[in-house]
1. Multiplying the sequence separation of Leu184 and Val166 by 0.36 nm and subtracting their Cα-Cα distance, what value in nm do you get?
2. What accessible surface, in Å², does a 1.4 Å probe find on Phe169, ignoring ligands, DNA and RNA and rounding to the nearest 10?
3. With the Cα gyration tensor of the stretch 187-297 giving a ≥ b ≥ c as the square roots of its eigenvalues, does the rule (a/c under 1.5 for rounded; else a/b larger than b/c for prolate; else oblate) give rounded, prolate or oblate?
4. Once you put a point 7 Å from the Cα of Val338 and another 7 Å from the Cα of Leu144, both along the Cβ direction, what distance in nm separates them?
5. Got a number for the accessible area of Tyr136? Probe 1.4 Å, square angstrom, nearest 10.
6. Ignoring everything but the protein chains, give the 1.4 Å probe accessible area of Thr319 in square angstrom, nearest 10.
7. Classify the stretch 165-234 from the C-alpha gyration tensor, please: rounded if a/c falls under 1.5, else prolate or oblate depending on whether a/b exceeds b/c.
8. Express in nm, to one decimal, how much length is gained between Ser69 and Asp194 on full extension, taking 0.36 nm for each residue of separation and deducting their alpha carbon distance.
Amino acid sequence: MTSTAAGDAPRMPDSPTPDSPTPDSSKRGSSTSGSSTRERSSLDISKVLIESRAFLALALIIVIFSLLSPNFLTVDNLLIMSSHVAIFALLSLGQLLVVLTGGIDLSVGSILGFTAVIGGFLLRGVPLSMFGVTLYPSVPAAVLIAIVLGGALGLLNGVLVAKFKVAPFVATLGMLYVVRGFALLMTNGRTINDLSGEEGLGNTGFEWLGFNRILGIPAGVLIMAVIALVIAVVLGRTTFGRWLYATGGNERAAQLSGVPVRTVTVWVYVISGLCSAVAGIILASTLTSASPTAGNTYELTAIAGVVIGGAALSGGRGTVRGTLLGAFVIGFLSDGLVLIGVSAYWQTVFVGAVIVVAVLLNTLQYGRPGGSKRRARRKPGTDTGASPESPSAQNSSPQRSPSDPPLAEPSSTETPSTEPSSTEPSSTEPPRRGSPPTD
């Protein structure tokens, strides 16, 4: 006989102990863990594919067009396409900073065209009728004036958005029309041609930005690379970069943390204007002409490069590397379609489809803006007290009219109960604060 301790039930020899898992439960546990592992691995793969979509899209474009055209992957063609991409990349880099703050800049294409017209107007000579002379600024002076003017237009955008609280879409859309209108007024709608200059006037060398190569690489591509490197260092290594991401992530929280939100917002629009002006000067130098309609719809291309690169339009997420990849996707796709003889109308269709797919993938990666901010359900017992307008508060203190009879006073001769008090609360006792109501 086996003795058992008091209060312990005897166990059968073949019955499993409470702590030991049964064979069925162990099988279920192993199958559950295996399925969860497979789901986790599939989620990791899909996450990697979504995050590296710009690189995969660029690699796919290069492979497809290399098979369709033997001239696509040649060194000369790659350099030519890279010089075209430099224009889109400069606009996208400036747009990236604005998007990181949760804003948008629709005036980048118009600023590009206007600064190109300003540069061409200065190089062709500025007539001073009052003195009867014509000034011919040097190339560095004309380029510097055009770039500073682009920054001033960006400053105006930033002031409208940051100080006067104008919606970025509205402010930059108005600037788009105003700047484009001034460019058309200055040229009467005509293109300024022959910007090569004259040796005797000291305004030659403007085409250097568009045609000259350093170590075999176009100057525009090198300028793009330098600006991209500077912006990457600013975003990743400086306090301004942390302020910028904080402003886009949660503007109110950043402001309460001491971040100068207004200053950051103004500066990102200034940088966007400067990048647009540099792109305009490079484009005018490449074409040796300045058209008032240059850069038309380029603002959409800049936004497309930012979105394809993985930046969130709601702000706070985005990288320089992804934006460059997005710009190369747009540029290589457009040039590849031209190289294989696809109609310009179909080019627009393909580029638009790529933008839609990129936005869809962004939605899958980051979710819908504000989608995670769902209203939490109130659990019973978490209420710290009824509001004055709640039904419970109204029932606890009913309103009485003067015609109602007075309430009976409690009898003072009521004898206390001789039954022993119980530790359980009485059913007639009102519920305590923080406890669920009793039926």
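1. On the way: separation 18, 0.36 × 18 = 6.48 nm, distance 2.60 nm.
Value of the extension gain: 3.9 nm.
2. Phe169 has an accessible surface of roughly 110 Å² with all protein chains in place.
3. Working: a/c = 3.47, a/b = 2.07, b/c = 1.67.
Prolate is the answer for the stretch 187-297, as a/c is 1.5 or above and a/b outweighs b/c.
4. 3.4
5. In the full protein context, Tyr136 sits at about 90 Å².
6. So the heavy atoms of Thr319 present about 70 Å² to solvent.
7. Working: a/c = 3.37, a/b = 1.19, b/c = 2.84.
The shape class here is oblate.
8. Details: separation 125, 0.36 × 125 = 45.00 nm, distance 3.41 nm.
So the chain would gain 41.6 nm between Ser69 and Asp194.
The values are calculated or read from the model by the stated rules, or taken from the named source; none is laboratory data. Keep in mind the model is a prediction, meaning the values are calculated, not measured. A quick note on method: Cβ atoms are made from the backbone with ideal geometry, for glycine too, and the neighbour counts reach across all protein chains shown. In case anyone asks, the SASA skips ligands and DNA or RNA and just uses the protein heavy atoms, side chains included. Shrake-Rupley method; radii C 1.70, N 1.55, O 1.52, S 1.80 Å.
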